[in-house]
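Below: the structure, in structure tokens.
Every number in this text was worked out from the coordinates using simple rules, so none of it is lab data. Keep in mind that what you see is a predicted model, and the values were worked out from it rather than measured. Don't worry about glycine lacking a Cβ; one is built from the backbone with ideal geometry, like all the others, and counts go over all protein chains shown.
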Amino acid sequence: MTICNVCESDRVEYMSTLRPYQDVDWEFAIFSCLNCGSRFTFRDPGVNYYEILHGVSGSSYGYHYDMAGKVKKFLRAGHLDRCERYLRKAGYKYAEVIDFVRGKNKPLSILEIGCSTGVMTAFFRAHGHGAEGIDISQKAIDYATSTFGPFYSLNPSRERYDIIFHLGLIGCVENPKTFLSGFLQRLDTRGEMIFNAPNVRSAEELDEVWVTTPPPDLISLFREEAFRSMCGDSADVAIRKVYGASEIAKKNIRVLTGRKYAHFPISFRTNRREGKGRIFSCIKGCLGTSSWSLAGMLWSLRLFKRYENEYGLIVVMTRKSTGEI
Ligand SMILES: [Zn+2]
């Protein structure tokens, strides 16, 4: 029996099977949950996906290492402003958390889950916060520690935090509900957890089975209501839909040209069907448009349009009390 990754209901429906890569025959059956509306798939426990992905040269997991090098330089030179501009440019998700923490106007205890090479934790420490990062990868912890100092480990060092954040993580964990309730326990009363999440409506709007980041990396797409039911009465949940125009344009160009997903190794070519067919249909759309202005054509190309409404979710969970969840 198939159980939903998100809500654990057995009211699930098989949608189709995704083969995201040409070079490896990994298959992922995609299911839709009739109870919570999420979509999900499963990793094969017998396959060590990450060893294979990391074992291929050109893996752009290296991006996080580049970021760490740059952030270290900025922080060493005391260029906090330049560091912040760099992080904001690196992705709207970083900007969201920076703004959120800044809005509190006081030194905070902060836990970053899935800190990778540790840049955000280092950034917040440089701003006077008691920040620490955890990750399941010992390699990442070792790297972050040697780059920024002893503020990283496999497990949290404190019982409770003012703020916990994680970026690009909730869609990748095997059991999001257990993950969330476990870490909500570590918030002080009125403490807040902030994170970004993949929105199932992005896929629906594009009439796709899945979003740009394929399994085995991303295995759950959420419907926003699911977050409220996942944490029950233990937290207040606020959700915003966000998008960064430049990122949407970049993603759309990638989809239009059938290019590989940027963060996967070069030899893992994607197996998506859009490519040339989609460009052709866009050119046809352009020709058919009544407005020949540049703006009209861009609109027809829908470079900015396609993800605009339902791209990603920013979720904030505020702990109601520090009792058992
Ligand atoms: Zn469900």
Checklist entry - Which pairs break 30 Å Cα to Cα here: 104/139; 106/241; 139/241; 73/104? => result 104/139; 139/241
Next on the checklist: Whole-Hz ³J(HN,Hα) for each residue in region 94-109, computed from phi via Karplus 6.51 cos²θ - 1.76 cosθ + 1.60 with θ = phi - 60°, x for glycine and proline: what do you get?
Outcome noted: 5, 4, 4, 6, 4, 5, 4, 5, 4, x, 7, 6, 7, x, 10, 8
Next on the checklist: Using DSSP to call loops (not H, G, I, E or B), can you name the trypsin sites (Lys or Arg not before Pro) in region 1-52 whose Cβ has at most 13 other Cβ atoms within 10 angstrom?
Outcome noted: 11
Checklist outcome for this item: Cβ-Cβ cut-off under 9 Å around residue 121, Lys and Arg +1, Asp and Glu -1: the net charge is -1
Checklist entry - Each residue of region 25-41 in turn: what ³J(HN,Hα) in whole Hz from Karplus with 6.51, -1.76, 1.60 and θ = phi - 60°, glycine and Pro shown as x? => result 8, 6, 10, 10, 6, 9, 10, 10, 8, 6, 8, 10, x, 7, 10, 7, 9
Item to check | Cα-based reach from residue 320 at 14 Å (exclusive), listing aspartates and glutamates while leaving out same-chain residues under 8 positions away | outcome: 162, 188, 192, 233, 236
Next on the checklist: Please list, ordered by chain and number, the residues whose modelled amide H lies under 5 Å from the amide H of residue 168; skip anything fewer than 5 residues away on the same chain.
Outcome noted: 196
Next on the checklist: Run through region 152-244 and list the GluC sites (Glu not before Pro) located in a DSSP loop whose Cβ has at most 16 other Cβ atoms within 10 Å.
Outcome noted: 159, 174, 208
Checklist outcome for this item: The ³J(HN,Hα) series, computed from each phi in region 137-153 with the Karplus coefficients 6.51, -1.76 and 1.60 at θ = phi - 60°, rounded to the nearest Hz and given as x for glycine or proline, is 8, 4, 4, 5, 4, 4, 5, 4, 5, 6, 8, 10, x, x, 10, 9, 7
Next on the checklist: For a quick check of your reading of the filter: which trypsin sites (Lys or Arg not before Pro) in region 92-195 sit in a DSSP loop and have no more than 14 other Cβ atoms within 10 Å?
Outcome noted: 104, 158
Checklist entry - How do 188, 44, 233, 135 rank when sorted from fewest to most other Cβ atoms within 10 Å of their own Cβ? => result 233, 44, 188, 135
